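First the structure, in the form of structure tokens, and then the observations on it.
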Amino acid sequence: TRGALRPPQRTAMAIAYRVLGDQKLCEDVIQEAFQAVWRQSNSFRSDRGSARA
């Protein structure tokens with residue numbers, strides 16, 4: 001599935017893998033993180049910084 005990842009997921013996966021060292025665990029952690037971001041997306045304020053930051 002790595003080839004199908006978009007740039008934000010690819011970056012997050014690379015960071016998670018450096019920290020965790022386990023591909024499956026990284027996939028689970030990244031999925032949970034992106035779901036949490038999505039659930040809180042209505043509270044995003046662009047005047048406080050970029051989403052990437």
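Phi angles of segment 29-45 translate, via the Karplus equation with coefficients 6.51, -1.76, 1.60 and θ = phi - 60°, into HN-Hα couplings of 5, 5, 4, 4, 5, 5, 5, 5, 4, 4, 4, 9, 4, 5, 9, 5, 10 Hz per residue; Gly and Pro are given as x.
Gain in length, Asp22 to Ser43, computed as 0.36 nm per residue apart minus the alpha-carbon separation, to one decimal in nm? The partial results should precede the final answer.
On the way: separation 21, 0.36 × 21 = 7.56 nm, distance 3.16 nm.
Separation in residues times 0.36 nm, less the Cα-Cα distance, equals 4.4 nm.
The slack between Ala33 and Ile15, meaning 0.36 nm per residue of separation minus the straight C-alpha distance, is 5.2 nm.
Quick note: the coordinates plus some simple rules give every number you see, no bench work behind them. Nothing here was measured: the structure is a model prediction, and the numbers come from that model.
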